[in-house]
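Chemist: Structure in structure tokens, see below.
The values are calculated or read from the model by the stated rules, or taken from the named source; none is laboratory data. Note that this is a predicted model, so its numbers are computed, not measured. Reconstructed Cβ throughout: ideal geometry from the backbone, glycine too, with neighbour counts over all protein chains shown. Areas reflect the complete protein model, heavy atoms only, side chains present, ligands, DNA and RNA absent. Shrake-Rupley method; radii C 1.70, N 1.55, O 1.52, S 1.80 Å.
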Amino acid sequence: MTLADRRRHFEKSDLFRQHPTFFNDHFAKYPVFVLNFSRSMPLTTEEAISILRGNVIIAYKDCIEYLGSLPNTLQGDNLGRFESAGDMKLAIRGIHAAYEKLLADSSITGDDCGDFLKALMEVLYNCFDGRGSVVTIDEYDKPIFCAPRELGIGKEACKDIVGVYSQFYSALFKRVSLD
């Protein structure tokens with residue numbers, strides 16, 4: 001996401017309006033990847049898994065696109081952790097492999113969802129050499145709180161769907177060593 005795209009994406013948010021320094025220090029400085037659950041209304045655990053998987057796949061694609069644009073705009077010391085455009089292309093191939101693996105795996109269960117976010121965070125950490133990237137999760141609570149009420153999902157199905165999202169978000173609350 002380019003800086004102009006980031007500004008457009010966040011300009012209506014409280015974060016952008018009330019904390020412009022924070023935005024400029026973080027969201028304007030680092031690459032930003034967005035997981036968007038604003039239209040996520042799963043009726044089953046399978047749909048919940050598909051939504052989570054789809055969002056992570058989009059983030060991988062965005063990362064590949066972002067990195068693919070860098071060799072054309074950066075040179076020499078500005079390549080960051082990459083010593084050459086060839087190194088950057090190698091990193092892109094690694095991300096592409098993770099993307100292809102997630103795309104091809106049709107045996108994913110709710111228990112596997114915790115690995116989606118962890119794998120994405122590891123890829124971004126390794127790709128940007130721990131210097132930073134931002135992953136935002138828009139409307140993270142909608143599938144958990146709004147969808148069951150709005151869709152009239154039964155209590156047991158709702159519990160199962162919440163369990164899938166809990167697994168996904170568990171990567172945020174575990175201390176994971178990325179070294």
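Chemist: Which of (1) under 22 Å from A59 (Cα atoms); (2) surrounded by fewer than 12 Cβ atoms within 10 Å (Cβ to Cβ) does F23 not meet, given it meets every other one?
Modeler: Against the list (1) under 22 Å from A59 (Cα atoms); (2) surrounded by fewer than 12 Cβ atoms within 10 Å (Cβ to Cβ), F23 comes up short only on (2).
Chemist: Could you please give the count of residues in region 110-143 that are more than 16 Å from Y66 (Cα to Cα) and part of a loop (DSSP other than H, G, I, E, B)?
Modeler: Adding up the residues that qualify gives 4.
Chemist: Let me ask something additional. State which residue is least open to solvent (accessible area, probe 1.4 Å) when the search covers only region 1-20 and only residues that are under 19 Å from Y66 (Cβ atoms) and assigned to a loop (DSSP other than H, G, I, E, B).
Modeler: Looking at residues that are under 19 Å from Y66 (Cβ atoms) and assigned to a loop (DSSP other than H, G, I, E, B), I get M1.
Chemist: For region 91-145, name all the residues that are among the polar types (S, T, N, Q) and surrounded by fewer than 16 Cβ atoms within 10 Å (Cβ to Cβ).
Modeler: Listed by number, the residues that qualify are S106, S107, T109, N126.
Chemist: Give me the residue from region 26-46 that is assigned to a helix (DSSP H, G or I) and in contact (Cβ under 8 Å) with a residue 60 or more places away in the chain and, out of that set, surrounded by the most Cβ atoms within 10 Å (Cβ to Cβ).
Modeler: Let us first name the residues in region 26-46 that are assigned to a helix (DSSP H, G or I), namely 26-27, 45-46.
Right, trim to in contact (Cβ under 8 Å) with a residue 60 or more places away in the chain and you get 26-27, 45.
Details: H26: 14, F27: 22, T45: 19.
Checking each candidate, the answer is F27.
Chemist: For region 135-179: of the residues being farther than 21 Å from R93 by Cα and touching a strand residue (DSSP E or B) at 6+ places or on another chain (Cβ under 9 Å), which is modelled with the lowest pLDDT?
Modeler: Filtering first and then ranking leaves L172.
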